[in-house]
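Below is one structure, written out as structure tokens, with a few remarks after it.
The values are calculated or read from the model by the stated rules, or taken from the named source; none is laboratory data. What you are looking at is a predicted structure, and each value in this text was computed from that prediction instead of being measured. Backbone-built Cβ (ideal geometry, glycine too); neighbour counts: all protein chains shown.
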Amino acid sequence: MKKTILSIFLIIAAYTLVAMWPSKAVSEQKPMLLAQLLAAGMKCKATPSDYLGPFYKPGAPVRARVGTGYELKGVVRSSKACTPIANARIELWLTNSDGDYDDDHRATLYSDDTGAYYFESNFPPGYSGRPPHIHIRISTSGFKTLATQHYPETGNTIGVFDIVLVPAR
């Protein structure tokens, strides 16, 4: 029990230090440093699945930008040891500024060597009583495929959405 509490305290303290460090070189490595800290003593909680929706369409072009005004970034990790997952396939789709789904607002991208990903789009409007959202489907070898959604907060232009996958076995 004492070891767990100490581990949690050290992880929080180390992450706080990393988060506050002004160096650009350190800030670019935050996802990797956090993953290493978490892997030292904790497991990550799996990202909950969410509605795939009727508008999923496979085969979106590989690109990290389908508009401007909203940036979504995060890290893909394993729930087993919080380690980053490189080369995870991330499919995203959202509505255009009129609230319609179209092929111009679909993208496929891959997490980098540190598990990080970056996507830029318009801020998705809500429609039919649904809040603004971006659909995300993540798949990679050795892990269960996950369909989920990111819900941007109105007024924000940047969102951070870390994705934690569950091993297939």
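Of these, 113, 103, which one is more than 14 Å from residue 150 (Cβ to Cβ) and assigned to a strand (DSSP E or B)?
Working: 113 fails: assigned to a strand (DSSP E or B).
The conditions single out 103.
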Check your understanding: Limited to segment 86-119, what total is found for residues that are touching a Phe, Trp or Tyr at 6+ places or on another chain (Cβ under 7 Å) and at pLDDT 95 or above?
Key -> 13
**Study point:** Per-region count, segment 50-98, residues assigned to a strand (DSSP E or B), outside the structural domain of residue 127 (by TED's automatic domain parsing) and farther than 17 Å from residue 157 by Cβ
**Key:** 1
Revision key, fill the gap. Checked segment 77-108 for anything touching a strand residue (DSSP E or B) at 6+ places or on another chain (Cβ under 7 Å) and among the polar types (S, T, N, Q); matches are 78, 79, 83, 87, 95, 96, 108
Study note, to complete from the structure: The residue that is nearest to residue 52 (Cα to Cα), considering only those in segment 84-101 that are surrounded by 15 or more Cβ atoms within 10 Å (Cβ to Cβ) and of a type in the set (S, T, N, Q), is 95
**Study point:** Those residues of segment 102-113 which are surrounded by fewer than 19 Cβ atoms within 10 Å (Cβ to Cβ) and under 14 Å from residue 124 (Cα atoms), in sequence order
**Key:** 102, 104
Point to revise | So residue 47, is it part of a loop (DSSP other than H, G, I, E, B), closer than 19 Å to residue 134 by Cβ and modelled with pLDDT of 95 or more | key: yes
